[in-house]
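For reference, the structure discussed in these notes is given below.
What follows is calculated from the coordinates using simple rules that are stated; it is not laboratory data. Treat the numbers as computed from the prediction; the structure is a model and nothing was measured. A quick note on method: Cβ atoms are made from the backbone with ideal geometry, for glycine too, and the neighbour counts reach across all protein chains shown.
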Amino acid sequence: MARLRPPTHDSSAPSALPHLSRGEANATAPKVPASPPFWLVFYPDRWCVMEDRVVPQLQNFHLRHTINGVVQLLDGTYQVADAEQLIRQKGGTVLPWDIDDEPYLVEAAPGHWTTRWTGLIPGSGHTRVDAAGYVEWLVSLQARGLIPKPEPRHLAALVERLRFDLETTESATGSTHRTRQLAQQVQLVEAEIKAAAKPPPKRRRAAKKKTTLPLVTSDE
């Protein structure tokens, strides 16, 4: 992955949210700023709760010319060897754009790169995010062994952070929808911790079959 070219989005491919074609973008361009291509990066100690699931909190690593070891060449490709090394030194793992058949990175509007779960609205600066689809993708990465599941210490750190957020929010605003949401997330992660602490069930040994010897008789 020493030299990259951003992926080309197949507009005919099925997608949870339709992205704008070039013609639509020129006619009613979304009011979004330019955003460079980026990687999604996995760090083993960063987790969150989304859609009632504990999932990795992936980080965006933007590919900006001369920043963090990234060099953009005249042909539009990027030299990223130094950037990869920087990420590895910090304990991160780059998820390549082609980790699936359909790249997770798309140019939703000219010069604006985002994920395939984020849709732009013509003439607006708002976006629509398919959170359920994104979480489903994260879970599939774990199921395929491309991202590990959280270690108990990472779950413990997550539940402590959620408890702190809950206490801080309650002291400032009292009971609100946000505090109830945080309380539910705390309970969910605590259940994950208890499930992870349970020893695996012991395998029962198969009962040995008794060998019955044939009855031998003798003629006298």
Would you please give the FRET efficiency between Arg153 and Gln85, computed as 1/(1 + (r/R0)^6) with r the Cβ-Cβ distance and R0 = 22 Å, to the nearest 0.05? 0.25
Could you check the spin-label model distance between Thr8 and Gln57? Points 7 Å from the Cα along Cα→Cβ, value in nm. 3.8
Based only on other Cβ atoms within 10 Å, what is the fewest-to-most ordering of Val129, Val41? Val129, Val41
Once label points are set 7 Å from the Cα along Cα→Cβ at both Arg161 and Ala34, what is their separation, rounded to one decimal in nm? 3.3
In a shell of Cβ-Cβ distance under 11 Å around Gly91, excluding Gly91 itself, what net charge do Lys and Arg (+1) and Asp and Glu (-1) give? +2
Subtracting the Cα-Cα distance from 0.36 nm times the residue separation, let me have the gained length for Arg64 to Leu188 in nm, one decimal. 40.9 nm
At 25 °C and 0.890 mPa s, grab the translational diffusion coefficient of region 152-197 from Stokes-Einstein with a Kirkwood Rh over Cα pairs, rounded to a whole number in µm² per second. 228
Segment Asp98-Ser140, length gained on full extension (0.36 nm per residue, minus Cα span): 13.7 nm
